[in-house]
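See below for the structure under consideration.
Derivation of every value follows stated rules applied to the coordinates shown; laboratory data play no part. These numbers were taken from a predicted model, which means no experiment stands behind them. Cβ: placed from backbone, ideal geometry, glycine included. Neighbour counts: every protein chain shown.
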Amino acid sequence: QLVQSGGGLVRPGDSFGLSCILPGGTFSNYAMGWFRQAPGKEREFVAASSGNGGRTTTSEPVKGRFLISRDNAKNTVYLQMNSLEPADTSTYYCNGGGTYRDDYYYPSLEYWGGGGQVTVSS
């Protein structure tokens, strides 16, 4: 189980960051990903990072606004969200140990964070 930071309420145009820790293990062995799911919608891929952080992907809806990064010494992956829009309102989940291939991240079944609700509203 991944330990994920909580969400928050922000205004349009604001920035907000999420973090996710994998307790134990060799963190650099794990590709990591972020997903989001809004009420009534399917889960949506947001971003992914290779184990050493040298390769990252962000989805088209968030490209140029969101940034995934990681600190392997702290077993932590981050999602920095900038220029937030109401359409970004969702519950965000991190995932670890999935398959990162062809600029897409296929999540593992085992390692999910508990989710963080991010609401963007004026």
Efficiency of FRET from Cβ geometry, ASP103 and GLN80, R₀ 22 Å, rounded to 0.05: 0.70
Taking the alpha-carbon centre of each part, the distance from region 44-60 to region 90-122 in Å is 10 Å
Test of understanding: in a Gaussian network model of the chain with alpha carbons linked when under 10 Å, which of ALA47, ALA73, ALA87 would top the mean-square fluctuation ranking? ALA73
Note: THR119 to ALA38 extended length (0.36 nm per residue) minus current alpha-carbon separation gives 28.1 nm
About its Cα centre, the chain carries a charge dipole, from +1 on Lys and Arg Cβ atoms and -1 on Asp and Glu Cβ atoms, whose size in debye to the nearest 20 is 140 debye
